[in-house]
Amino acid sequence: MEKVDLSNIGNEVHADITQLAKNAGVELSSCYQCGKCSAGCPVGFIMDESPRRVIRLLQLGLLDDALRTRAIWLCATCDTCSTRCPKGVAVAALMESLRQEAKRRGITTEKNINLFNDIFLNNVRLFGRSPEVILSALYNLRSGNFFQDMDAAAHLFKSGKAHFMPGRIKNTQAVRRIFNKCLEKEGQH
Amino acid sequence: MRYAYYPGCSLDATGIEYDTANKLVAKKLGMDLVEIPDWNCCGATSAHSTNHLLALALPARNLAIAEAEGFETVAIPCAACFARCKKTAAAVQASPEMKGKIRDIIEMDYQAKAEILSFLDVVGKKVGLEKIKEQVIQPLRGLKVAAYYGCLLVRPAAIMQSDDPENPMVMDHIIEGLGATALDWDYKTECCGASHVVPVPNLGKNLIHDILRNAASHGAEAIATACPLCMLNLDMRQKQINALLGTNFHIPIFHFTELMALAFGYSGQDFGLAKHFEPAEELIARTVNPGVRSAGA
Ligand code: SF4
Ligand code: SF4
C-alpha cells in the first residue's frame, strides 16, 4: 500500500465510520489486527482487501477506500470471521453495513452482484416471491452472460424444477408497502 | 405436534423434491406441517445487501402471520431463510425501538415469541433420534455419507443456536440412525458460495470443488445437505466443475430428508430422485435394497 496522509481526514468521516460500526454492533478499536478472521474467510482468495484490512482502513479513517473495495460485495455472509474472532468483532455484520452504505452512495464495485440483487428484489417487490427462472433469465440478459447455466436449464425444465409461471402471493400490496416504507426510512437505522 | 412451515421460494422450484421428502418424513414422524398462509420471500440474500430494515421486515411479515395463527414453532428447511428469520427475531427481541419500527412497517403486531428452528433441528432435536429409528424399515446399510451443513445453518453461533458452529453433529446422528455411516471430514461447515455462484462464477467453482474433493478423499459415496441452495450448488454444478477443472466427480447429493424417506420405506419416485443432476438411482439400488438389483439384472 502506498503512503497515506491521515492528517486531513475530517470529523464527519470519523462520525460516519463510528455510526456505521455502531449499526453493525462493532467496536472498531477492539480489533487488534491478528488476521484470524481473514485466515478462515472462504472468499479471501478473490478479495482485493482481506476483511482484516477493511477493518484497518476504517480504523485509519479511510472510509471511502473501504467503501470502494470489492471485498464488501464478495463477502458471502458466512460468518466464519465473526465466529472465530478472538475479540468478538462482528466482522460479517460490518461487511454488510458497508455494502449497504456503498449501495446507498451509489458505489457498486461489483456490478454483477449489484445487478443480481436488484433484479432479485424487484421480483420480490412485484410478485411477493422470487421466481428463480425469471431471476436467472433477467440476470443472464442484463449481465450479458446469455448462456450461463444453459446446460443445466434443460434438465431444470424437464424435471419440473423450473416453471415459467411465477408463483406470486395474494397480498402483493402488503409486500409493496413494506418496500416503500423501508426505502423511505433509509438512512434512519 | 403442529409446526408452522415456511418453505421459501426454492422449495417450489429447484428444491421441489426436498419439499416432497419433508412432507413424507413429517407424516411418518407424526409432525403436522402447516404452510404459513400467503407467505412472502424472505429477501435472502439480496435484501441484507441493500437495506437493513427491508432485510428484517420481509421475514417479519411471515413470522407475524405465524404468530397470529397461534403457532409456537416455525420450521424452516432453507438455511438462508432460516438465518434471515432468526436474525429478525433476534433484532426485535433485542430492541423495543426496532420492534416498534417493524410493527409500523409490516402493519402487524410481531412479538418474536415463536421458536424458530431449521427443519434439521426440528427433526433431529424436537422429534428426536428414537422416533426416527422406530420408522426405519430399509436401513441404508453401509452407505458412506458426508453430512454437509454449510455456513448459515450454524453461524453466527449466538443467534443460530446450533449444537456447534464448527463441528455440528445433528445430521450425522440422523444419518447413523438410518443405518448409514456418517463420515468425519473437514468441510462440514465451509461456505458453498450461496447465491454468489451466479454473479461470481469463479468464486463458486472453487468453493464447490474444494467441498467435493474433501468429501471424496474421505470416501464419501454421497453428500447430505440441509439447504436447497447448498444442494443445488453441489448437485447442479458438479458437471460444470468437472468440465472446467478437469475433475471427474460423480457424487450423488441428497437432501437429508430424502435419505430419511428412503430408509422409511419410500422409493426414489415418491419424492423425485430423478430430478437430481447427479444420478443416484444406482447407489440407492445397491444400498437400500441389495437383493433387488441382482434379482432384476
Ligand atoms: S479476527 Fe478479530 S481481532 Fe483479529 S483481525 Fe479479525 S476482526 Fe481483528
Ligand atoms: S462473512 Fe464474509 S468476510 Fe466473513 S468469512 Fe465469510 S465471506 Fe469472509
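In whole Hz and in residue order, list the ³J(HN,Hα) couplings for the stretch B:97-104 that follow from phi through the Karplus curve 6.51 cos²θ - 1.76 cosθ + 1.60, θ = phi - 60°; x for Gly and Pro.
Result, rounded to whole Hz: 5, 5, 4, x, 4, 5, 4, 5.
Provide the per-residue ³J(HN,Hα) series for the stretch B:160-165, in order, calculated from phi with Karplus coefficients 6.51, -1.76, 1.60 and θ = phi - 60°, each as a whole number of Hz, with x at glycine and proline positions.
In residue order, the calculated couplings are 6, 6, 7, 6, 6, x Hz.
Please check: in the Gaussian network model of chain B (C-alpha springs, under 10 Å), which one of B:PRO77, B:PRO279, B:PRO201 has the largest mean-square fluctuation.
Checking each option, the largest mean-square fluctuation is seen for B:PRO201.
Points 7 angstrom from Cα along the Cβ direction at A:ASP48 and A:ASN11: gap in nanometres?
The two pseudo-label positions are separated by 3.2 nm.
Any idea how far apart B:GLU281 and B:ARG141 come out in nm if each label point goes 7 Å out from Cα toward Cβ?
Here the answer is 2.4 nm between the modelled labels.
Which of the three applies to the stretch B:103-179, rounded, prolate or oblate, going by the alpha-carbon gyration tensor with a ≥ b ≥ c and a/c under 1.5 meaning rounded?
Here the stretch B:103-179 falls in the prolate category.
Ignore the peptide's own chain and count Cβ atoms of other chains within 10 Å of each Cβ in B:198-205; give me the average, rounded.
What the average comes to for B:198-205 is 6.
Along the principal axes of its C-alpha atoms, what lengths does chain B span, in descending order and rounded to whole Å?
65, 43, 30
Any idea what the dipole of the stretch B:1-148 comes to, in debye rounded to 20, about its Cα centre with Lys/Arg Cβ at +1 and Asp/Glu Cβ at -1?
For the stretch B:1-148, the charge dipole is close to 600 debye.
Starting from the amide H of B:ILE116, placed 1.01 Å from N in the peptide plane, find each other amide H under 5 Å away whose residue is 5 or more places distant or on another chain.
Under 5 Å from the amide H of B:ILE116: B:VAL74.
Given H placed 1.01 Å from N in the peptide plane, which residues other than close sequence neighbours of B:PHE254 have an amide H under 5 Å from its amide H?
Counting only residues 5 or more places away or on other chains, the set is B:ILE223, B:ALA224, B:THR225.
Between B:LEU153, B:LEU120, B:LEU245, where does the largest GNM mean-square fluctuation fall for chain B, given springs only between Cα atoms within less than 10 Å?
B:LEU245
Looking at B:ILE241, B:ALA57, B:CYS192, which one has the Cα that reaches farthest to the positive end of the dipole of the protein assembly as shown (charges on Cβ: Lys, Arg +1; Asp, Glu -1)?
Most positive-ward Cα: B:ALA57.
Of B:GLU166, B:GLU282, B:GLU221, which is the most mobile in a GNM of chain B whose springs link Cα atoms less than 10 angstrom apart?
Comparing B:GLU166, B:GLU282, B:GLU221 in a Gaussian network model of chain B, the most mobile one is B:GLU282.
What does the extension gain come out to for B:LYS113 and B:LYS126, with contour length at 0.36 nm per residue minus their alpha carbon separation?
2.9 nm
Along Cα→Cβ, 7 Å out, is where each label goes; now give me the distance between the ones at B:GLN93 and A:SER159 in nm to one decimal.
It is 3.7 nm.
To check my understanding: the extent here is largest minus smallest coordinate of the Cα atoms along each principal axis. What are those three numbers for the stretch B:79-225, in Å, largest first?
For the stretch B:79-225, the Cα extents along the three principal axes come out at 54, 44, 21 Å.
Within a Cβ distance under 14 Å of B:GLY70, other residues only, what is the Lys/Arg minus Asp/Glu net charge?
Neighbourhood net charge equals -4.
What's the percent breakdown of Cα-Cα distances in the protein assembly as shown across 10 Å bins, shortest bin first?
All Cα pairs considered, the percentages come to 4, 20, 31, 27, 14, 4, 1, 0, 0.
Please work out the Cα center distance from the stretch B:185-249 to the stretch B:13-28, rounded to the nearest Å.
Result: 22 Å between the Cα centres.
Given the convex hull over the Cα atoms of the stretch B:187-297, what projected area results after averaging over all orientations, in nm²?
7.4
Give, in nm to one decimal, the length gained when the segment between B:GLU35 and B:ALA274 is fully stretched (0.36 nm per residue of separation minus the Cα-Cα distance).
Using 0.36 nm per residue and subtracting the Cα-Cα distance, I get 83.5 nm.
Amide H to amide H under 5 Å from B:TYR5: which residues, 5+ apart in sequence or cross-chain, H placed 1.01 Å off N in plane?
B:VAL34, B:GLU35, B:ILE36, B:ALA75
Sorted from largest to smallest, which semi-axis lengths in Å does the alpha carbon gyration tensor of the stretch A:1-117 give for its equivalent ellipsoid, taking the root of 5 times each eigenvalue?
19, 18, 14
Where the convex hull is taken over the Cα atoms of the stretch B:51-122, what is its projected area averaged over directions, in nm²?
Its average projected convex-hull area is 4.3 nm².
I need two numbers for the stretch B:1-146: Rg to one decimal and Dmax as a whole number, Cα atoms only, in Å.
16.5, 55
All other residues with a Cβ under 15 Å from the Cβ of A:LYS36 taken together, and with Lys, Arg as +1 and Asp, Glu as -1, what is their net charge?
+4
Report, as an integer, the average count of C-beta atoms from other chains found within 10 Å of each Cβ along B:152-159.
4
Any read-out appearing in this document is the output of simple, stated calculations on the displayed coordinates, not a laboratory observation. As the structure is a computational prediction, the values presented were derived from the model and not from experiment. Note that we place each Cβ from the backbone using ideal geometry, even for glycine, and neighbour counts take in every protein chain shown.
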